[in-house]
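Here the structure comes first, spelled out in structure tokens, and everything after it is commentary.
The values are calculated or read from the model by the stated rules, or taken from the named source; none is laboratory data. Predicted model only: the values in this text are computed from it and were never measured. So basically every Cβ, Gly included, is an ideal-geometry build from the backbone, and we count neighbours across all protein chains shown.
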Amino acid sequence: MRKLVYFIAVSIDGVIAGPAGEADFYPYAPDMTDHLRSEYPETMPTHVRPHIGMAADVPNRRYDTVIMGRGTYQPALDEGVASPYAHLRQYVVSRSLTGVADPAVTLVPGDPSALARRLKAEEGGLDVWLCGGADLAGQLLPEIDELVVKRYPVVAGGGLPMFSGAFGPRDFTPVETLTFSHGGTITTYHPTP
């Protein structure tokens, strides 16, 4: 069975983006960037790859499908990009979008949990990447099989949390932590049995 993996960048205070969607406040470390490019190449948007010296046809290593909310999808739309992860199957969960301009992107106006369960039940393939945002992650918390948290050494002081929604604690156990030159970490968590 495939896993739903919430792979996300956060500040020390648990913020994934600023109040207006800003994500440019995360400090840069070459060794962390190199690790992300080699271990998680599919998380680099297709249209960004040429600008960071990455070939467009780098094979996916961990994910073949991405689920994102409207707020996560919107920055690409603002740049005129309707298919930001053309190298993945793309699902956008939104109650406010009425359509998408690219047939490679599937709009999901309804229950994201049903979508996640259906994708996880598919035979073969790689895992499913939950890209964000906070509201969608909150709705999908019971379906998450793994967290990969890129924690950057910066305090945002406000903005979008990693999860939002109803109070419903769920325990996770760290299984691996990598530390990088700027003090940032990537920690993988599995649900606690």
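Overview of results
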read-out: Cross-chain or 6+ apart pairs with Cβ under 9 Å, segment 140-154 first and in contact (Cβ under 8 Å) with a residue 24 or more places away in the chain, then assigned to a helix (DSSP H, G or I) and among the acidic types (Asp, Glu); value: none
read-out: Answer from 107, 136, 119 - the residue that is within 15 Å of the chain's Cα centre (by Cα) and of a type in the set (A, V, I, L, M); value: 136
read-out: Test: residue 47 is more than 14 Å from the chain's Cα centre (by Cα), in a helix (DSSP H, G or I) and of a type outside the set (Lys, Arg); value: no
read-out: Selection status of residue 76, within 24 Å of residue 149 (Cα to Cα), aliphatic (A, V, I, L, M), in contact with a His (Cβ under 9 Å, 6 or more places away or on another chain) and surrounded by 15 or more Cβ atoms within 10 Å (Cβ to Cβ); value: yes
read-out: Residue ranges of strands (runs of 3 or more DSSP E) in segment 97-193 with at least 1 members under 15 Å from residue 6 (Cα atoms) and at pLDDT 95 or above; value: 127-132, 146-151, 172-179, 185-191
read-out: Matching residues, segment 1-43, being over 16 Å from the mean Cα position of the chain (by Cα), buried (at least 16 other Cβ atoms within 10 Å of the Cβ) and not in a loop (DSSP other than H, G, I, E, B); value: 32
